[in-house]
Amino acid sequence: MTLWRDIKGTLQPFWITLGYLFQKPVTIQYPEVKRTPPPRYRARIVLTRDPDGGERCVACHLCSGACPVDCISMQAAEDADGRRYAAWFRINFSRCIFCGLCAEACPTLAIQMTPDYEICNRDILNLVYEKEDLLIDGCGKDTQYNFYEHAGIGVANERGRNQDEYGPVDPKSLLP
Amino acid sequence: MPTLVIDNREVTVPEGMNVLDAAKAIDIVVPHFCYHEALGAIGSCRLCAMQFLEGPVQGVKMACMVPAQDGMVVSTSAAEAVELREHVIEWLMTNHPHDCPVCDEGGECLLQDMTIAGGHYLRRYRGKKATYTNQYLGPFIEQEMNRCITCYRCSRTYRDYCGGRDFGVFGSRNRVFFGRYKDGQLESPFSGNLVDICPTGVFTDKPFRFKSRIWDLQEAPSICPQCSLGCSTIPGGRFRELQRIRSGINQTTNGFFICDRGRFGYGHVNHPERPRDPRVDGLPVTMEEAITAARNRVDALAAKYGGASIAFLGSPRASLEGNLLLQAWAGRVGSSQSVFDAHQGRDHAARSLAANLASLARSLSDVRQSDLIILIGADPLAEGPSLALAIRQAVRQGSEVIVIDPRPVALPCAHQHIPLPPQLLHMVLKALESGQYDELNDAQTQPAVKTLRSKIAQAKLPVLIGGADMLGGLGVKLLCDAAKRFISAECNIGVMVMLSGPNSFGGAFLNIGGPDFDALIDAFQEGRVRGLVCLESDPFREAQFPAKAQAALGHLELLISIDCTPTLAAKRADIFMPSRATAEMAGSFINNEGRLQAFHQAIEPGMPLSALGPGKHPPRLFQSTTPGATPQPAWQILGQLLDRPADLNQLRRTLAAENPKLKALTHVDTTAARICAEPNGIAAALTHEMFSADSSAGNVPLLITSAFVGSHWLSHLSSPLKALREEPTVWLHPSLAATLGLKHGERAILSTTLGRCHVRVQTSNDMAQELALTYQLLDSALEGMSPGTIINCRLTGEEGQ
């Protein structure tokens, strides 16, 4: 029986190969021809804006904390209206492994993965993206969410004026 | 010693311990907020529920409120208790805002941890949340009241533990608010503890606001370099910048809390003017070249004029290893001229203490348990703020506090104040020792001292506390002698003296019988000493009589400085070598009770990233060197110079072998035994001279002491503390103010031999009469006034001019 198995094992692959010879090839002639990757493809990272056009990133450090290769660094700062934002935000794409953990960790939906995989470069310093390079003019995958509308610390609206809040209490009130 | 069973495990705990702590003792942690070891239990958060199955108490109870008793069988995982905890944490979270990403507490938030530990993962509440209006609480604390879960830890810390009065609880039911009556700076010098104690992000560190997350901070256990008490701290830095300091936990010293000077006094590490590059004759060189130059020039000078022509000035803020090696260098050159504090009075006080303390030494923990505390010539808030906190804890347990001091000493607790002029303090101490009251001819002082004697004799654990500035070497000796007279089987008396720096005791210990700085000044003037090596010290500013010292220092041929701050000595030195700050190195200090404590390196030195230009982001450069990273620990610089081991542990072993009394150096930790010197080794005569020689400027004696902020070099360099800096002030007794024609709050002109300056007049009945008082303020017209001195002055109202 061993002989029969060997013959089958030799001929069957040839037969399959022969079959593919008469089919349309799957190889794509990149870069002349480009495929459209699926929308959830994990490639170049962007920073998105909220529906009002403000930066979504609040520099909470969760993405850099989640990053297994430590390719994200940033510095938080405070705006005049109390908004926390990233004074600078840097992703070193020469180190990034495109695992998507940063996007998963982001509590404000600011950091998102895009299907743009063409970021090769001859100068490694060009792969170190600053905030200006990462920010896009749009909401990305979620067009509704605005973190500061829900945060409850009076940045988007006055304190206590968000939809899910009562107005500020008066601690000196004696009412029951 | 009750024995109980928790989760089927038997545990025996000390009498009086609660069940929550008993569980912790066998590593069973149940979520809780309001209970804190230092603050006690109040059972307000309702989170530490456990099921008591058998024993004297039964049912679901709050574990923090139940003392452990024999026969108890407790379950932390019983369904009923777990369900209750789940509900309670869900209720606590209903109003909590959705702002963890922008909250500075994130990552070190007890609420985050306990919510998950309590089993609450998903918010079910869909209703509206309560909100609050925040208050401005000064430059240190940021308030975000929406995050509050009303555990009352803050008010218990601020009011009960720290004795602050301007912060508390307002409102009722779900309107409870923690804050001040109106916006304003928190008055307590311990306000920073709110940051550590708040389990969530209601009170966060304002200077540290939005700077880093805890997981990015480089932290290590360290010792506070701001005063001599040796509080445990945890400095944290990122991007080569020391960004914050939080309190470490050491039950024998500070316990859980530190003062604001220790917490926010880290600016000297990141100071923009900090010298970071070695220099020889004003030209930049490498560290190796500077070390070689230093060695060669000292050797050349020694060859020309003899070893004794070089003096070595150590420092109370340099590590013990650094000071030891400085002394070793002196030994190698053949010079016996090493001094470890440029301030004569403070140096003598430290030496006198090191020689006389022995078994009288008391730790802050002993002070907390004391039943009678007598402060003679001591102002804790200026000289060692954490001591004031310890004294308050003693008072809360019924201790009595008596202060004998010319200054209007402010303590965060009830105390009796006897304002005596400085020259009477020594007589009081003598009278305490001998029981002879003849020298005290004051009608009020005599009976006061008599009662004091009887009170000490009746107390069980009395502590006598002194300060180096007021008492000097002689006073400290008298204080120890007085204490020794009361030692008996019933009276376990102790002594604590606040010294000038974190390693004052260590320096004094090394130089118990050596020369003092006054002797060096004479030697500079006479040309017997021609070279001076300063280790993290600044004789131009720190000497007791700076004008005299500066004149003498001009005669020097060679000035070498090793320092981490922009001191005058560092600026004027012929050879300068940059050293590292405490947070940037490992080493050890001996605190004011003779306790040898090690500190570890938290961050690497270097120019902070934030200081590298105003660009939108850090420089886009690849380079293998760090800018400004040349500073090395002082002991390493000296070690290279003397061909000693570069490894700290090896160095400690060699140093311990050379100096048998420092055996403890081979295994330094926070529980190391106290170190004491030989009691009869002091060569320098213990006089205490506070009066400046030249006093022709007026007829009002002006006592100069230090302030909480502004008189101490390291904290003076810290920008966050600038807000606490007082304006130049003169304190007077109302009777003296009336004689001079001055009123409280008025502005006046203070003229001394050191110059004229504008001051604000403050009057207090707690001031000694016939005496004016002012604080040294660095970088102001009051800079030349050195604490622990009395000069004559003239005070005139501004209108009179």
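The values are calculated or read from the model by the stated rules, or taken from the named source; none is laboratory data. It should be emphasised that the depicted structure is a prediction, and the values quoted were computed from it without experimental measurement. With ideal geometry, Cβ positions are generated from the backbone for all residues, glycine too; neighbour counts draw on all protein chains shown.
Listed here are the residues, each with its yes/no results for (1) within 14 Å of chain A (Cβ to nearest Cβ); (2) farther than 19 Å from B:Ala23 by Cα; (3) touching a residue at least 24 places away in the same chain (Cβ under 8 Å).
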| position | (1), (2), (3) |
| --- | --- |
| B:Ala79 | no, no, no |
| B:Glu90 | no, yes, yes |
| B:Gly106 | yes, yes, yes |
| B:Ala117 | no, no, yes |
| B:Gly138 | no, yes, yes |
| B:Glu142 | yes, yes, yes |
| B:Arg165 | no, yes, no |
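Looking only at the range A:71-99, count how many residues are facing chain B (nearest Cβ under 10 Å) and among the acidic types (Asp, Glu).
1
With the range B:475-555 as the region, which helices (runs of 4 or more DSSP H) entirely inside it contain at least 1 residues that are of a type in the set (Phe, Trp, Tyr)?
Per the criteria, B:504-510, B:517-526, B:539-542.
For the range B:394-411, which residues satisfy the criterion of being within 22 Å of B:Ala459 (Cα to Cα) and either touching a strand residue (DSSP E or B) at 6+ places or on another chain (Cβ under 7 Å) or buried (at least 21 other Cβ atoms within 10 Å of the Cβ) (or both)?
Result: B:Ala394, B:Val395, B:Ser399, B:Glu400, B:Val401, B:Ile402, B:Val403, B:Ile404, B:Asp405, B:Leu411.
Go over the candidates A:Ala105, A:Ala43, A:Ala59 one by one and state the one that is surrounded by 14 or more Cβ atoms within 10 Å (Cβ to Cβ), touching a residue at least 12 places away in the same chain (Cβ under 8 Å), farther than 30 Å from B:Asp99 by Cβ and among the small types (Gly, Ala, Ser).
A:Ala43
Which residue out of B:Asp563, B:Asp574, B:Asp518, B:Asp522 is at pLDDT 95 or above, acidic (Asp, Glu) and surrounded by fewer than 24 Cβ atoms within 10 Å (Cβ to Cβ)?
It is B:Asp574.
For B:Ser188, indicate whether it is surrounded by fewer than 24 Cβ atoms within 10 Å (Cβ to Cβ), of a type outside the set (Val, Ile, Thr) and within 11 Å of chain A (Cβ to nearest Cβ).
Against the criterion (surrounded by fewer than 24 Cβ atoms within 10 Å (Cβ to Cβ), of a type outside the set (Val, Ile, Thr) and within 11 Å of chain A (Cβ to nearest Cβ)), B:Ser188 does not qualify.
Within the range B:1-54, can you find the residues that are under 13 Å from B:Gly71 (Cα atoms), part of a loop (DSSP other than H, G, I, E, B) and at pLDDT 90 or above? Before the answer, list the steps.
Here is the first cut: in the range B:1-54, the residues under 13 Å from B:Gly71 (Cα atoms) are B:1-6, B:8-13, B:19, B:52-54.
Narrowing the set further to residues that are part of a loop (DSSP other than H, G, I, E, B) leaves B:1-2, B:8, B:13.
B:Pro2, B:Asn8, B:Val13 - these are the residues of the range B:1-54 that are under 13 Å from B:Gly71 (Cα atoms), part of a loop (DSSP other than H, G, I, E, B) and at pLDDT 90 or above.
Exactly one of (1) facing chain B (nearest Cβ under 10 Å); (2) within 16 Å of the chain's Cα centre (by Cα); (3) at pLDDT below 95 is unmet by A:Asp50. Its number?
(1)
Which one of A:Arg90, A:Arg84, A:Arg95 is free of Cβ contacts under 8 Å to residues at least 60 places away in the same chain, in contact with an Asp or Glu (Cβ under 8 Å, 6 or more places away or on another chain) and surrounded by fewer than 16 Cβ atoms within 10 Å (Cβ to Cβ)? Walk me through how you get there before you give the answer.
On the way: A:Arg90 fails: surrounded by fewer than 16 Cβ atoms within 10 Å (Cβ to Cβ); A:Arg84 fails: surrounded by fewer than 16 Cβ atoms within 10 Å (Cβ to Cβ).
None of the other options fit; the residue is A:Arg95.
Could you go through the range B:457-465 and let me know if any residue there is touching a Gly at 6+ places or on another chain (Cβ under 9 Å), of a type in the set (Gly, Ala, Ser) and crowded, with 20+ Cβ neighbours inside 10 Å.
no
Taking the conditions exactly as written (modelled with pLDDT under 90, over 30 Å from B:Ala390 (Cα atoms) and of a type in the set (A, V, I, L, M, F, W, C)), does B:Ala81 satisfy them or not?
Working: modelled with pLDDT under 90: no; over 30 Å from B:Ala390 (Cα atoms): yes; of a type in the set (A, V, I, L, M, F, W, C): yes.
No, not satisfied.
From the residues in the range B:617-658 that are aliphatic (A, V, I, L, M) and outside any helix (DSSP H, G or I), which one is nearest to B:Leu313 (Cα to Cα)?
B:Leu642
Touching a Gly at 6+ places or on another chain (Cβ under 9 Å) and within 14 Å of chain A (Cβ to nearest Cβ): is that true of B:Pro633 in this structure?
When the stated conditions are applied, B:Pro633 does not pass them.
Where in the range B:121-177 are there strands (runs of 3 or more DSSP E), lying wholly inside it, with at least 3 residues that are of a type outside the set (Gly, Ala, Ser)? First the steps, then the outcome.
Working: elements: B:129-131, B:141-143, B:168-170.
Per the criteria, B:141-143.
Kindly provide the set of residues from the range B:167-185 that are within 11 Å of chain A (Cβ to nearest Cβ) and charged (D, E, K, R), ordered by number.
Residues satisfying the conditions are B:Arg173, B:Arg175, B:Lys182.
Considering each residue of the range B:119-129, count those that are within 12 Å of chain A (Cβ to nearest Cβ) and either touching a helix residue (DSSP H, G or I) at 6+ places or on another chain (Cβ under 8 Å) or touching a residue at least 12 places away in the same chain (Cβ under 8 Å) (or both), and give that number.
First, the residues of the range B:119-129 that are within 12 Å of chain A (Cβ to nearest Cβ): B:123, B:125-129.
Of the ones still in play, those that are also either touching a helix residue (DSSP H, G or I) at 6+ places or on another chain (Cβ under 8 Å) or touching a residue at least 12 places away in the same chain (Cβ under 8 Å) (or both) are B:123, B:125, B:127, B:129.
Total meeting the criteria: 4.
Filter the range B:56-95 down to the residues that are among the β-branched types (Val, Ile, Thr) and in a helix (DSSP H, G or I), then identify the one that is surrounded by the fewest Cβ atoms within 10 Å (Cβ to Cβ).
The selected residue is B:Val82.
For the subset of the range A:138-176 comprising residues that are facing another protein chain (nearest Cβ under 10 Å) and small (Gly, Ala, Ser), which member is farthest from A:Thr108 (Cα to Cα)?
Ranking the qualifying residues of the range A:138-176, first place goes to A:Ser173.
Which ones in the range B:531-556 are over 24 Å from B:Ser706 (Cβ atoms) and either β-branched (Val, Ile, Thr) or surrounded by 20 or more Cβ atoms within 10 Å (Cβ to Cβ) (or both)?
Once the filter is applied, which keeps residues that are over 24 Å from B:Ser706 (Cβ atoms) and either β-branched (Val, Ile, Thr) or surrounded by 20 or more Cβ atoms within 10 Å (Cβ to Cβ) (or both), the range B:531-556 yields B:Gly531, B:Leu532, B:Val533.
Given the conditions (1) touching a helix residue (DSSP H, G or I) at 6+ places or on another chain (Cβ under 7 Å); (2) without any contact (Cβ under 8 Å) to a residue 60 or more places away in the chain; (3) away from chain A (no Cβ under 14 Å), which single one is not true for B:Arg572?
Condition not satisfied by B:Arg572: (1).
Could you pull out the residue among B:Ala303, B:Ala308 that is more than 30 Å from B:Ser365 (Cα to Cα), of a type in the set (Gly, Ala, Ser) and touching a residue at least 60 places away in the same chain (Cβ under 8 Å)?
Details: B:Ala303 fails: touching a residue at least 60 places away in the same chain (Cβ under 8 Å).
Of B:Ala303, B:Ala308, the one residue that is more than 30 Å from B:Ser365 (Cα to Cα), of a type in the set (Gly, Ala, Ser) and touching a residue at least 60 places away in the same chain (Cβ under 8 Å) is B:Ala308.
Among the residues of the range B:200-235, count how many are in contact (Cβ under 8 Å) with a residue 60 or more places away in the chain, buried (at least 24 other Cβ atoms within 10 Å of the Cβ) and either touching a strand residue (DSSP E or B) at 6+ places or on another chain (Cβ under 7 Å) or more than 14 Å from chain A (Cβ to nearest Cβ) (or both).
12
Among the numbered conditions (1) within 14 Å of another protein chain (Cβ to nearest Cβ); (2) surrounded by 20 or more Cβ atoms within 10 Å (Cβ to Cβ); (3) touching a His at 6+ places or on another chain (Cβ under 8 Å); (4) of a type outside the set (Gly, Ala, Ser), tell me where B:His98 comes up short.
Among (1) within 14 Å of another protein chain (Cβ to nearest Cβ); (2) surrounded by 20 or more Cβ atoms within 10 Å (Cβ to Cβ); (3) touching a His at 6+ places or on another chain (Cβ under 8 Å); (4) of a type outside the set (Gly, Ala, Ser), the lone unmet condition for B:His98 is (2).
With respect to A:Ile119, determine if the residue is in contact (Cβ under 8 Å) with a residue 12 or more places away in the chain, facing chain B (nearest Cβ under 8 Å), of a type outside the set (Asp, Glu) and not in a helix (DSSP H, G or I). Break it down stepwise before answering.
Details: in contact (Cβ under 8 Å) with a residue 12 or more places away in the chain: yes; facing chain B (nearest Cβ under 8 Å): no; of a type outside the set (Asp, Glu): yes; not in a helix (DSSP H, G or I): yes.
Considered against the rule, which asks whether it is in contact (Cβ under 8 Å) with a residue 12 or more places away in the chain, facing chain B (nearest Cβ under 8 Å), of a type outside the set (Asp, Glu) and not in a helix (DSSP H, G or I), A:Ile119 comes out as no.
Say we look at the range A:126-135 and pick out the residues that are more than 10 Å from chain B (Cβ to nearest Cβ), out of contact with any Leu (no Cβ under 7 Å at 6 or more places or on another chain) and touching a residue at least 24 places away in the same chain (Cβ under 8 Å); which of these is farthest from B:Arg126 (Cα to Cα)?
Among residues in the range A:126-135 that are more than 10 Å from chain B (Cβ to nearest Cβ), out of contact with any Leu (no Cβ under 7 Å at 6 or more places or on another chain) and touching a residue at least 24 places away in the same chain (Cβ under 8 Å), the one farthest from B:Arg126 (Cα to Cα) is A:Leu127.
Being under 23 Å from B:Trp731 (Cβ atoms) and not in a loop (DSSP other than H, G, I, E, B) is true for just one of B:Leu420, B:Leu424, B:Leu429. Which residue is that?
Exactly one of B:Leu420, B:Leu424, B:Leu429 is under 23 Å from B:Trp731 (Cβ atoms) and not in a loop (DSSP other than H, G, I, E, B), namely B:Leu424.
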